[in-house]
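Asks: Next up is a structure, given as structure tokens.
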């Protein structure tokens with residue numbers, strides 16, 4: 001097993017935290033929908049956001065920066 005501090009260090013190095021507030025009672029609805037889809041709540045929310053970005057033709061700033069960079073020679 002990995003020590004807890006190693007797991008937490010990995011999360012801190014590879015993920016950003018997002019703390020959305022939702023109307024009272026909606027969390028249980030979102031959890032049920034995620035479970036029905038066979039996903040964790042985190043994966044369900046992340047996929048929903050990514051699908052909306054793709055559907056509406058939006059891009060994140062980091063994706064725009066990567067596309068604008070010229071290759072180094």
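Asks: Which of (1) at pLDDT 85 or above; (2) within 13 Å of the chain's Cα centre (by Cα) is the odd one out, the single condition residue 60 does not satisfy?
Replies: For residue 60, the exception is condition (1).
Asks: I've got another one for you. Just need a number here: residues in region 1-50 that are assigned to a helix (DSSP H, G or I), modelled with pLDDT of 95 or more and surrounded by fewer than 11 Cβ atoms within 10 Å (Cβ to Cβ).
Replies: Summing the residues that are assigned to a helix (DSSP H, G or I), modelled with pLDDT of 95 or more and surrounded by fewer than 11 Cβ atoms within 10 Å (Cβ to Cβ) in region 1-50 gives 3.
The values are calculated or read from the model by the stated rules, or taken from the named source; none is laboratory data. From a predicted model like this one, the values you see are computed outputs, not experimental measurements. Note: ideal-geometry Cβ built from the backbone for every residue, glycine included; neighbour counts use all protein chains shown.
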